[in-house]
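Q: Here it is: the structure, laid out below.
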Amino acid sequence: MNLIILDRDGVINQDSDAYIKTLDEWIPIPSSIAAIARLSKAGWTVAVATNQSGIARGYYDLATLESMHARLRELVAEQGGEVGLIVHCPHGPDDGCDCRKPKPGMLKQIAAHYATDLTGIWFVGDTSGDLQAALAVDCQPVLVKTGKGERTLAKPLPPGTLVFDDLAAVADRLLS
Ligand SMILES: O=P(O)(O)OC[C@@H](O)[C@H]1O[C@@H](OP(=O)(O)O)[C@@H](O)[C@@H](O)[C@@H]1O
Ligand SMILES: [Mg+2]
Ligand SMILES: [Zn+2]
């Protein structure tokens, strides 16, 4: 199967150092929505793995998070595409969970859901934690310059990391 896994904040929607706490603060990157629709219409399965420590920090609740993901699904569906499994880590940095990136727990969860191997699967993110999570399970680390990507690019990247301006450029490459 053609599976691609995406980080959310900074890749699909704008990110904020103040967290994305409300549906109104969830501002999609238009070209990323279009990219997801293009990929899915071309037969790709598009899954999402997102850290959401804002839940543990009490900034927002699960219902609010789910409203953002419902909006994401609506926007992609309007363009004829669909979003696959979305997994999130609701824990904080000190909770010692297995799912918070840079740990690969969410990527493993997605692989199990689709009964597929993760080797070489592109995981597209904007932070070093995303890249480290990818490497931990032999995914292909892919950095986009949106969100925190430019900050991440200012430091040495793991060898073999692919870099693109944005998710639209990732889709262009995969669909070319
Ligand atoms: O990029 P993804 O994984 O989709 O989501 C990232 C968010 O959960 C938040 O993650 C936080 O990191 P800490 O969780 O506080 O270390 C900060 O980087 C926030 O700016 C950011 O909005
Ligand atoms: Mg991110
Ligand atoms: Zn977790």
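The values are calculated or read from the model by the stated rules, or taken from the named source; none is laboratory data. Only a predicted model underlies this, so the values are computations on that prediction, with no experimental measurement involved. Cβ coordinates were reconstructed from backbone atoms using ideal geometry, including for glycine residues, and neighbour counts include every protein chain displayed.
Q: Would you check which residues across the range 6-18 are within 16 Å of ligand 3 (Cβ to nearest atom) and in a loop (DSSP other than H, G, I, E, B) and list them?
A: Scanning the range 6-18 gives Asp7, Arg8.
Q: Looking only at the range 33-67, which residues are over 23 Å from Lys108 (Cα atoms) and within 12 Å of ligand 1 (Cβ to nearest atom)?
A: Passing the criteria: Arg57, Tyr59, Tyr60.
Q: Need pairs with beta-carbon distance below 9 Å; first residue farther than 21 Å from Phe123 by Cβ and within the range 48-60, second among the small types (Gly, Ala, Ser) and more than 11 Å from ligand 3 (Cβ to nearest atom); sequence gap 6+ or separate chains.
A: Tyr59/Ala18; Tyr60/Gly54
Q: Any residue in the range 3-20 that is over 19 Å from Val83 (Cα atoms) and within 7 Å of ligand 1 (Cβ to nearest atom) sitting within a Cβ distance under 7 Å of a residue that is among the hydrophobic types (A, V, I, L, M, F, W, C) and in a loop (DSSP other than H, G, I, E, B)? List the pairs, counting only those 6 or more apart or interchain.
A: Final answer for the pair search is Ile20/Trp26.
Q: From the list Leu3, Leu75, exactly one residue is modelled with pLDDT of 95 or more, away from ligand 3 (no atom under 16 Å from the Cβ) and touching a Pro at 6+ places or on another chain (Cβ under 8 Å). Which is it?
A: Leu75
Q: With the structure loaded, tell me whether Thr45 is closer than 28 Å to Leu175 by Cβ, away from ligand 2 (no atom under 16 Å from the Cβ), in contact (Cβ under 8 Å) with a residue 12 or more places away in the chain and over 17 Å from the mean Cα position of the chain (by Cα) or whether it fails that test.
A: No.
Q: Hey, another quick one. Looking at this structure, is Ala70 surrounded by fewer than 19 Cβ atoms within 10 Å (Cβ to Cβ) and modelled with pLDDT of 95 or more?
A: Judged against the criteria, Ala70 is a match.
Q: Do we find a residue being part of a loop (DSSP other than H, G, I, E, B) and in contact with a Ser or Thr (Cβ under 7 Å, 6 or more places away or on another chain) anywhere in the range 32-53?
A: No, the conditions are met nowhere in the range 32-53.
Q: Let me ask something additional. Considering only residues of the range 21-43 that are of a type in the set (S, T, N, Q) and under 18 Å from Asp7 (Cβ atoms), which is surrounded by the fewest Cβ atoms within 10 Å (Cβ to Cβ)?
A: By that ranking, first place goes to Ser31.
Q: Please list, ordered by residue number, the helices (runs of 4 or more DSSP H) wholly in the range 60-176 having 3 or more residues that are within 24 Å of Gly43 (Cα to Cα) and either out of contact with any Gly (no Cβ under 8 Å at 6 or more places or on another chain) or of a type outside the set (S, T, N, Q) (or both).
A: Passing ranges, in order: 62-78, 105-113, 167-174.
Q: Another question, then. Quick test for you: out of Gly58, Gly105, pick the one residue that is exposed (fewer than 15 other Cβ atoms within 10 Å of the Cβ) and at pLDDT 95 or above.
A: Checking each option against the conditions leaves just Gly58.
Q: Given Gly149, Gly80, Gly96, which one is touching a residue at least 24 places away in the same chain (Cβ under 8 Å) and either away from ligand 2 (no atom under 16 Å from the Cβ) or more than 16 Å from the chain's Cα centre (by Cα) (or both)?
A: Exactly one of Gly149, Gly80, Gly96 is touching a residue at least 24 places away in the same chain (Cβ under 8 Å) and either away from ligand 2 (no atom under 16 Å from the Cβ) or more than 16 Å from the chain's Cα centre (by Cα) (or both), namely Gly80.
Q: Still on this structure, I have one more. Would you point out the residue of the range 108-132, among those that are acidic (Asp, Glu) and within 10 Å of ligand 1 (Cβ to nearest atom), that is surrounded by the most Cβ atoms within 10 Å (Cβ to Cβ)?
A: That would be Asp130.
Q: Looking at the range 5-20, which of the residues that are touching an Asp or Glu at 6+ places or on another chain (Cβ under 6 Å) and among the charged types (D, E, K, R) is surrounded by the fewest Cβ atoms within 10 Å (Cβ to Cβ)?
A: Here the answer is Asp15.
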